[in-house]
């Protein structure tokens, strides 16, 4: 057993025998210790905190988890596995601060969460200040129109070419998307005629996005 395993075992024994208030106190103390030194900790030290905190969070209530999520959201070196666990939590009170603001979550993390997240979780993800193409692709692929309406006006939300194709197709059913997509400064020139057709047409289905692009989208 290495030193990390030994430390985790000792902490787990304390948690198993401790009162709820004692468990929360341990979480608070560890969180303070981590945040106080996060900027100077090595990756190996952060990994130790990650392992230990993952053990501790299994023994505290949701209010404590929500507070932990709020505190970690602004930490650029937050423990990665812990961050993903909290950000994917089914309780939106726990996951929302991280999905909205966590600087240490990368696009792969967020896109993975978006692939199976609830409607409410998707709304929070779509409201991030800055969103990469992998994330907007994941949101579009979920077919959640409310999420599309939330991120599409945001020029800091990057949209892939195939993402624009799918947004145009979604705009046939949700006409409020049409003007939003048309106003995007990064709308590819070759797709602008299809948006123009949607804007003119009383039969939105007449404006078919390029067949090849749709086929490529799967």
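The values are calculated or read from the model by the stated rules, or taken from the named source; none is laboratory data. Since the structure is predicted, the reported quantities are computational estimates derived from the model, not experimental observations. Don't worry about glycine lacking a Cβ; one is built from the backbone with ideal geometry, like all the others, and counts go over all protein chains shown.
Points to keep in mind about this one:
- In the set (1) at pLDDT 95 or above; (2) more than 20 Å from the chain's Cα centre (by Cα), residue 49 fails one condition alone, (1).
- Answer from 199, 128 - the residue that is without any contact (Cβ under 8 Å) to a residue 40 or more places away in the chain and assigned to a loop (DSSP other than H, G, I, E, B): 128
- The condition (being modelled with pLDDT of 95 or more, part of a helix (DSSP H, G or I), in contact with a helix residue (DSSP H, G or I) (Cβ under 6 Å, 6 or more places away or on another chain) and surrounded by 15 or more Cβ atoms within 10 Å (Cβ to Cβ)) is satisfied by just one residue among 84, 23: 84.
- Condition met for residue 151 (over 20 Å from residue 121 (Cβ atoms) and surrounded by 22 or more Cβ atoms within 10 Å (Cβ to Cβ)): no
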